[in-house]
Amino acid sequence: MQLRIWKQRSLGLRARLTLSYAVAFTVVLLLLGILFRARFERVLIDEAQSILEDESATIRKYLRADGRGVGWEFDSSVSEEAFFVRRMRRVLLIADQDGQPLEVSDSYRRLGVEPPAGLKKIFDGPLPIVRTRYAPDGSRYILRSERIRLDSRNYYVTLGRELEESDALVRAFTFNYYLIVWPLCAALALLGWWLSGRGLKPLNDVARAAQAVSSSNLKTLIPMRGADDELDHLISTLNSMTERLEVSFNQMKHFSTDVSHELRTPLTTIRGQLEVALFTAKTEAQLREAIIASVDEVDHLSRVVSALLQLAAAESGQLVVNRERLDFGQLCGGIAARFEEAADVQNLAFKVTCESGCFVEGDRTQLERLVTNLVANAMKYTPAGGSISIQVRAIDDSAVLTVQDTGRGIAPQHLPHIFDRFYRVAALSGDPARGLGLGLSFVAWITKAHWGHIDVKSELGQGSTFRVSLPIYHGGKS
Ligand code: ADP
């Protein structure tokens, strides 16, 4: 089904590309045709006009005027002269200054001789003028009218040429041009179809390869083409997206396994305790004991669930970070002070050196939780007689919190995982009560949400040092 949809879309894109390409070409060729035709027509008319100009310049050589009218004078034995005069007389009108025609050729007569008043109006206007007129049979003529002076009188001469030949040439050109254009457009459309198919092929290959990637084989990467072009860029973007997806999928897989494991153990314990109480408890005290133990487990369960909910909310961006200007040294000092009494009871040396005046922009509740988690861990994993030191200092542009203990330390193979959800190092005998394995996940998230950085140094049996650096806030007091 999916494959079909994809195929249809790919075909659509190819057809759309070809269509736009073919339409663009057709429009360009049609416009070019119109342009060429107009240009060609202009050239032919210009040529006819320039012949008429030559004839107008020459005609006065062969015309003689006397009191009665105008006559021709040329040597008919010179064939060139005879030909020239014959040509000029083909389309000709000679009129006197009142517009009375003196000589009108047959061709001109077919065009229709204007009445004397009309001719006078033309001749009295600015001369020479060039105009085109149509004969009743549709043939076109170009006419050039000019004033000439013979025997101290003005005469008006209109010379003309039939444009039938030029028009036929233009018609032939137009016909042949459009005869070629349509098959050319069809051929270009076919070429466009082939080219777009070729152009889209690598894209289709990539789409096919991407389709083979599913949640079960996110490791499959789309092979790069090595062309270092936009498509390779797309492939590498898709591949890095798949890699990110794989990390998220794995996290989700681990998360669900961890959650089910975390919830199953206390549930099994509760069930066991209740079953034992149900079948074996004889006295009220025994029943109470079983119920108290179950309530403890239920407490543990609800702590896990609420911590998980908070962590999920934090990591999915639903937990709002209310930032304010905070004295980080003062905040850490305040939290550490709360642990002094407990440290005393546990027989731990407790040293707090928190410089006040290291300001950060942060959420008070979240930062308190961060410090509490680190100090509580130090206390939890340091046996009696050990020592804990909590320090806040400004180093360069960072407020740095260091929580150092001389506790049991963390083996190097566990170090990379201690910030993972539910990761707990297997308990040693005599260890304090089990934790949720979520404290450091919170610490990591809170540090990240405050644009900070956390690192840990630890040696098994020697102790651990957690260092959180947050950027110092230089903004004004709030
Ligand atoms: P927990 O609730 O188990 O303390 P955390 O996420 O806070 O969960 O810590 C994860 C694991 O990291 C702990 O189980 C512990 O093994 C180890 N750890 C954390 N802090 C210390 C420390 N100061 N000293 C030794 N081990 C530590």
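The values are calculated or read from the model by the stated rules, or taken from the named source; none is laboratory data. All of these numbers come straight from a predicted model, not from anything done at the bench. As a convention, Cβ positions derive from the backbone with ideal geometry for all residues, glycine included, and neighbour counts pool all protein chains shown. These accessible areas exclude ligands, DNA and RNA; they are computed on the full protein's heavy atoms, side chains included. Shrake-Rupley method; radii C 1.70, N 1.55, O 1.52, S 1.80 Å.
Pull up the cross-link candidates among the aspartates and glutamates for Lys61, meaning alpha carbon to alpha carbon under 17 Å and not fewer than 8 places away within one chain. Those aspartates and glutamates meeting the cut-off are Glu53, Glu73, Asp75, Glu80, Glu81, Glu103, Glu146, Asp151. Evaluated on segment 324-471, the Kirkwood hydrodynamic radius is 15.4 Å, with distances taken between all distinct Cα atoms. Accessible surface ranking for Ile34, Ile418, 1.4 angstrom probe, highest first: Ile34, Ile418.
If I take R0 = 41 Å and measure r between the Cβ atoms of Ala376 and Leu263 in this structure, what FRET efficiency does the formula 1/(1 + (r/R0)^6) give, to the nearest 0.05? FRET efficiency, Ala376 to Leu263: 0.95. The peptide list 278-290, 331-343, put in order of mean Cβ contacts within 10 Å with the highest first, becomes 331-343, 278-290.
Summarised in one figure, the compactness ratio Rg/Rh of segment 167-237, Cα atoms and Kirkwood Rh, is 1.42.
The alpha carbon radius of gyration of segment 367-421, expressed as a multiple of 2.2 N^0.38 Å, is 1.26. Calculation over all alpha carbon pairs of segment 230-315 in 10 angstrom steps from 0 returns a P(r) of 15, 28, 21, 15, 10, 6, 4, 1 percent.
I need the fraction of alpha carbon pairs in segment 139-265 separated by more than 19 Å, rounded to a whole percent. Looking at segment 139-265, the distances longer than 19 Å represent 75 percent of pairs. When the alpha-carbon atoms of segment 29-89 are used, the pair Rg, Dmax equals 18.3, 61 angstrom. Across every direction, the projection of the convex hull enclosing the Cα atoms of segment 248-398 has a mean area of 13.3 nm². Which residues among segment 383-415 fall inside the zone where the amide N is under 17 Å from a point 7 Å beyond the Cα of Arg303, along Cα→Cβ? In segment 383-415, the label zone of Arg303 (backbone N under 17 Å from the point 7 Å along Cα→Cβ) covers no residue. Separation of segment 64-95 from segment 218-275 is 104 Å, based on Cα centroids. Listed by chain and number, the lysines placed with their C-alpha closer than 23 angstrom to that of Lys219 are Lys253; residues fewer than eight positions away on the same chain are left out. Using a simple spin-label model with pseudo-atoms 7 Å out from Cα toward Cβ, Ala426 and Ser50 lie 10.6 nm apart. Based on the reciprocal of the average 1/r between different C-alpha atoms, the Kirkwood radius for the chain equals 33.8 Å. Over every Cα atom in segment 83-171, the radius of gyration and the widest Cα-Cα span, Dmax, amount to 13.3, 46 Å. For segment 15-168, the average shadow cast by the Cα convex hull is 12.6 nm², which is a quarter of the hull's surface.
In the chain, the portion of solvent-accessible area held by carbon and sulfur atoms comes to 57 percent [1.4 Å probe, whole percent, DNA, RNA and ligands not counted].
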